[in-house]
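Participant: Just dropping this structure here.
The values are calculated or read from the model by the stated rules, or taken from the named source; none is laboratory data. The structure presented is a predicted model; accordingly, all values stated were derived computationally and were not measured. Please note: Cβ atoms are built from the backbone with ideal geometry, for glycine as well, and neighbour counts cover all protein chains shown.
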Amino acid sequence: MSTTTLAPAVSNPPARVADVWYPLRRSAEAVLVPLAALAGAVGLFSVFLLALGQSPLDFLDLVWRGAFGSWFSVQNTVQRASPLLLTALCVAIPGQLGLVIIGGEAAIVLGGLAATVAALPLIHTAPVIVWAAMAIAGSAMGAFWIGLSGWLRAKLNVNEVIASLVLSYIGLALFNHFVEGVLRDPASLNKPSTYGIGDQNMLDTVPWLDVHPGMPAGIAACIVCWVLIYRTGFGFASRVTGGNIRAAQLQGLPVTKLILTACAIGGGCAGLAGAIEVAAEYGRANASLNAGYGYTGILIAFLARFNPLAVMPMAILLGGLGAAGGLLQRRMGLPDATIQVLQGLIFVSILASDTLYGRFRWFQPRGTA
């Protein structure tokens, strides 16, 4: 008599339940971690102020009044934040590919110099022609200079941090050489400068708002770059490359082209910032262009996690700190370098906060297996 052995029934595993709240929690993590880093930096800076015998509360009150307490303060903040929007993009766009570009300072001064050179032969034409020539020349020079760092990284595998830093020093030296030598206006004595573009070719403030004309240009650039990164194939390929460059190469993505394009776009933004500063503020290229905007842009890009839209509030924040420096110096007797100490603490805190991402269970994806 034969017996039949029945195989145990295999039940299908239940389908995984989609975690509909995960995108929201992920966005919350991207906001809360930088805020925690800022809070930590403020705490450390408060200890620094107490050691100097100063009140942290008085400091915060004066920062608010100096940055946003009046319309004049707001204008000062916007004026300082306008170039920061564009110099931060010089870091944020290559940062999508995992590149750290720190040469924005050279791109902005060389962009301003190129814009001035392009404007001088056209100063007697229509102002709109002068502005167009300045924008094109400044952007092209910035794109070329930062593109060199990308080329060295893509073709020769030179570390982009070292390449952009060395090129920054070279760019600043070239700027000083031309401004103080071949292109110098003999009438500029105390501060060597190039010839001026003429008062008739200076950019005026934005109508009805009376703010720096670089602000709408910077906001538009941030929006365009966000669309480029998060709504186009180029942006998707860039983020894949930034996640794992080896995997991107195995998938056949044009990594070299992506690196060169991202660096050129970022450099073009910084060069445009230099052109706008010449056309809106100085009317000529001189040492005033070397104001540290490129270095502050590095901090803003890291605070924004390389997100072009998040660059906007971070630029306003850092611009406000810079605008409050004079008031702090007058009321509390603190040197301008105090703001730089705070910025340094913020930068260190932001770098340290990278270890917090992915550490908390609440922010992780959930589902029923």
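Participant: For the range 168-177, indicate whether the set of residues that are part of a loop (DSSP other than H, G, I, E, B) and under 28 Å from the mean Cα position of the chain (by Cα) is non-empty.
Facilitator: no
Participant: While we're on this one: Can you tell me which residue in the range 293-319 is nearest to SER139 (Cα to Cα), limited to those that are modelled with pLDDT of 90 or more, surrounded by fewer than 22 Cβ atoms within 10 Å (Cβ to Cβ) and of a type outside the set (A, V, I, L, M, F, W, C)?
Facilitator: In this case the residue turns out to be TYR295.
For (1) closer than 12 Å to ALA285 by Cα; (2) of a type in the set (Val, Ile, Thr); (3) buried (at least 24 other Cβ atoms within 10 Å of the Cβ), each residue gets a yes or a no:
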{"residue": "GLY103", "(1), (2), (3)": "no, no, yes"}
{"residue": "GLY112", "(1), (2), (3)": "yes, no, yes"}
{"residue": "ALA132", "(1), (2), (3)": "no, no, no"}
{"residue": "ALA137", "(1), (2), (3)": "no, no, no"}
{"residue": "MET141", "(1), (2), (3)": "no, no, yes"}
{"residue": "GLY150", "(1), (2), (3)": "no, no, yes"}
{"residue": "LEU156", "(1), (2), (3)": "no, no, no"}
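Participant: Report yes if LEU152 is assigned to a helix (DSSP H, G or I) and in contact (Cβ under 8 Å) with a residue 60 or more places away in the chain, otherwise no.
Facilitator: No; evaluated as a whole, the condition is false for this residue.
Participant: Exactly one of (1) of a type in the set (Gly, Ala, Ser); (2) closer than 22 Å to ALA163 by Cβ; (3) touching a Pro at 6+ places or on another chain (Cβ under 6 Å) is unmet by ALA264. Its number?
Facilitator: Every listed condition holds for ALA264 apart from (3).
Participant: Ok, one more. Looking at GLY198, GLY252, can you tell me which residue is at positive phi, modelled with pLDDT under 95 and surrounded by 14 or more Cβ atoms within 10 Å (Cβ to Cβ)?
Facilitator: When all the criteria are applied, what remains is GLY198.
Participant: I would also like to ask the following. Quick check on the range 280-288. Is at least one of its residues out of contact with any His (no Cβ under 9 Å at 6 or more places or on another chain) and over 17 Å from GLY198 (Cα atoms)?
Facilitator: yes
Participant: Tell me which helices (runs of 4 or more DSSP H) are completely within the range 298-363 and hold 2 or more residues being farther than 29 Å from GLU160 by Cα, or say none if there are none.
Facilitator: 308-323, 325-332
Here is a yes/no grid of residues against (1) crowded, with 18+ Cβ neighbours inside 10 Å; (2) within 22 Å of GLN75 (Cα to Cα); (3) within 20 Å of the chain's Cα centre (by Cα):
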| site | (1), (2), (3) |
| --- | --- |
| LEU209 | no, yes, no |
| ALA217 | yes, yes, yes |
| TYR230 | no, no, yes |
| THR256 | no, no, no |
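Participant: Pull out all pairs, ordered by first then second residue, where Cβ-Cβ is under 6 Å, the residues are six or more apart or on different chains, the first lies in the range 34-49 and is in contact (Cβ under 8 Å) with a residue 40 or more places away in the chain, and the second is assigned to a helix (DSSP H, G or I) and not small (Gly, Ala, Ser).
Facilitator: Once the first residue is in contact (Cβ under 8 Å) with a residue 40 or more places away in the chain and sits in the range 34-49, its partners that are assigned to a helix (DSSP H, G or I) and not small (Gly, Ala, Ser) give PRO34/LEU303; ALA37/ILE350; ALA41/LEU345; ALA41/ILE346; LEU44/LEU345; PHE45/LEU342; PHE45/LEU345.
Participant: A follow-up question, please. Select from the range 190-205 the residues that are in contact with a strand residue (DSSP E or B) (Cβ under 8 Å, 6 or more places away or on another chain) and not in a loop (DSSP other than H, G, I, E, B) and write down the one among them that is farthest from ASN290 (Cα to Cα).
Facilitator: THR194
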